[in-house]
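The structure appears below as structure tokens.
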Amino acid sequence: QVQLVESGGGLVQVGGSLSLSCSASGIIFNINDMGWYRQAPGKQRELVAHTTRGGSTDYADSVKGRFTNSLDYARNTVHLQMSSLKPEDTAVYSCHALIENRDGTVDDYWGQGTQVTVSS
């Protein structure tokens with residue numbers, strides 16, 4: 001079993017910066033993909049950023065140029081650096097990982113979520 005634990009989050013002013021980290025623990029054969037989703041009240045959950053084992057990252061258009069996601073494969077950890085934060089970035093941010101098992105199957109895991117609040 002795999003557990004994802006996020007750290008970071010909190011309250012930040014408009015234009016400020018904040019960092020989130022997520023570490024995966026447990027029996028991990030291979031991380032295929034790891035990153036972040038977010039969900040604001042009354043809105044659908046959306047992809048923020050996701051990074052493959054090969055280092056390719058997809059970003060939501062709304063965060064491009066402001067957020068940087070990096071996957072430290074060796075440490076089973078992903079780091080999201082957020083800058084130039086806007087009120088619309090306010091949401092619960094959840095770590096997500098696609099983890100390959102030794103038998104070749106792939107499971108997805110979610111962290112508990114961490115609140116990011118950007119005050120205007």
- Residue in segment 42-53 that is over 20 Å from VAL12 (Cβ atoms) and at pLDDT below 95 present: yes
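Given THR105, THR90, THR77, THR68, which one is among the β-branched types (Val, Ile, Thr) and surrounded by fewer than 14 Cβ atoms within 10 Å (Cβ to Cβ)? Outline the logic, then answer.
On the way: THR90 fails: surrounded by fewer than 14 Cβ atoms within 10 Å (Cβ to Cβ); THR77 fails: surrounded by fewer than 14 Cβ atoms within 10 Å (Cβ to Cβ); THR68 fails: surrounded by fewer than 14 Cβ atoms within 10 Å (Cβ to Cβ).
Result: THR105 is the single residue among THR105, THR90, THR77, THR68 that is among the β-branched types (Val, Ile, Thr) and surrounded by fewer than 14 Cβ atoms within 10 Å (Cβ to Cβ).
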- Task: Determine if segment 7-17 includes at least one residue that is within 28 Å of ARG102 (Cα to Cα) and either among the basic types (Lys, Arg) or surrounded by 17 or more Cβ atoms within 10 Å (Cβ to Cβ) (or both).
- Result: no
- What are the pairs, 6+ residues apart or on separate chains, where a residue within segment 69-92 that is over 20 Å from GLN13 (Cα atoms) and free of Cβ contacts under 8 Å to residues at least 60 places away in the same chain has its Cβ under 9 Å from a residue that is open to solvent by 60 Å² or more (accessible area, probe 1.4 Å) and not in a strand (DSSP E or B)? LEU71/ARG53; TYR73/ARG53
- Query: Which of (1) of a type in the set (Ser, Thr, Tyr); (2) surrounded by fewer than 13 Cβ atoms within 10 Å (Cβ to Cβ); (3) within 12 Å of the chain's Cα centre (by Cα) is the odd one out, the single condition TYR37 does not satisfy?
  - Reply: (2)
- Quick check: is even one residue across segment 64-78 of a type in the set (A, V, I, L, M, F, W, C) and over 13 Å from the mean Cα position of the chain (by Cα)? yes
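The values are calculated or read from the model by the stated rules, or taken from the named source; none is laboratory data. Source: prediction; values computed, not measured. For neighbour counting, all protein chains shown are included, and Cβ atoms are generated from backbone atoms with ideal geometry for every residue, glycine included. Areas reflect the complete protein model, heavy atoms only, side chains present, ligands, DNA and RNA absent. Shrake-Rupley method; radii C 1.70, N 1.55, O 1.52, S 1.80 Å.
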